[in-house]
Amino acid sequence: MTALTLGIGTRLQHTQLGPGVIIGVRYATYLISFIHHGIKEIEKTDHHLEEIIPENVTEEIETHSEVEKSLLKILRLWNGTSEVVPLGDRWKGGTMVLQPGDISLKGKELPIEVFFHKIVMLRDRLRVMEQQINAHKIMSDEDKVNLQQYISRIYGSLTTFNVLFKNKEEWFIGDKSSE
């Protein structure tokens, strides 16, 4: 295969690893989730790869379960790019100042936009971790639930930063049972 620029969600057949779906695109490689071999990083020029054109898709790699359909919908929605989340208008152009208790030490100023971007990236990475936990083939359902509850508590710890978001639907939402 020549170095084609394929996108997330593209179905591929690898002569040694079998069918898979691109879940990440890097400069020279694809992150591919193979049905029987998990996630592998494969060079774009790997001659063992062949794109599966939709009309040639076989029944064995069609997705039937609701979980798989949801995951594919999420992958298409995110399409390898970070979500654009608007900062609240009152914070635009603002600066965050961290002042140590010891006045002999120098404080730190940081543009709020930079801090906000880091918060959004943290949220995006938590979401990816949730997806990987839910899709894990070896982990028991009990372990998945325990980790999901822990992630919900992490979201709850981050609700302080909801004040930065312009839209309420972007907010962190924690474990409601502990409120």
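Details
- Selected residue (criterion: modelled with the lowest pLDDT) from residues of the range 8-36 that are in contact with a helix residue (DSSP H, G or I) (Cβ under 9 Å, 6 or more places away or on another chain) and farther than 13 Å from Ile52 by Cβ: Ile8
- Among the residues making up the range 38-60, those that are at pLDDT 85 or above and closer than 22 Å to His136 by Cα are Gly38, Ile39, Lys40, Glu41, Ile42.
- Test: residue in the range 135-147 that is of a type outside the set (D, E, K, R), in contact with a strand residue (DSSP E or B) (Cβ under 9 Å, 6 or more places away or on another chain), at pLDDT below 85 and part of a helix (DSSP H, G or I): yes
- Test for Arg123: is it within 24 Å of Gly93 (Cβ to Cβ) and either surrounded by 13 or more Cβ atoms within 10 Å (Cβ to Cβ) or free of Cβ contacts under 8 Å to residues at least 12 places away in the same chain (or both): yes
- Single residue of Gly107, Gly156, Gly93, Gly101 found to be farther than 30 Å from Gly38 by Cα, without any contact (Cβ under 8 Å) to a residue 40 or more places away in the chain and either surrounded by 15 or more Cβ atoms within 10 Å (Cβ to Cβ) or of a type in the set (D, E, K, R) (or both): Gly156
- Condition check for Lys144: out of contact with any Leu (no Cβ under 7 Å at 6 or more places or on another chain), surrounded by 15 or more Cβ atoms within 10 Å (Cβ to Cβ), without any contact (Cβ under 8 Å) to a residue 12 or more places away in the chain and not assigned by TED's automatic domain parsing to the domain that holds Leu31: yes
The values are calculated or read from the model by the stated rules, or taken from the named source; none is laboratory data. As the structure is a computational prediction, the values presented were derived from the model and not from experiment. Note that each Cβ is placed from the backbone with ideal geometry, even for glycine, and that neighbours are counted across all protein chains shown.
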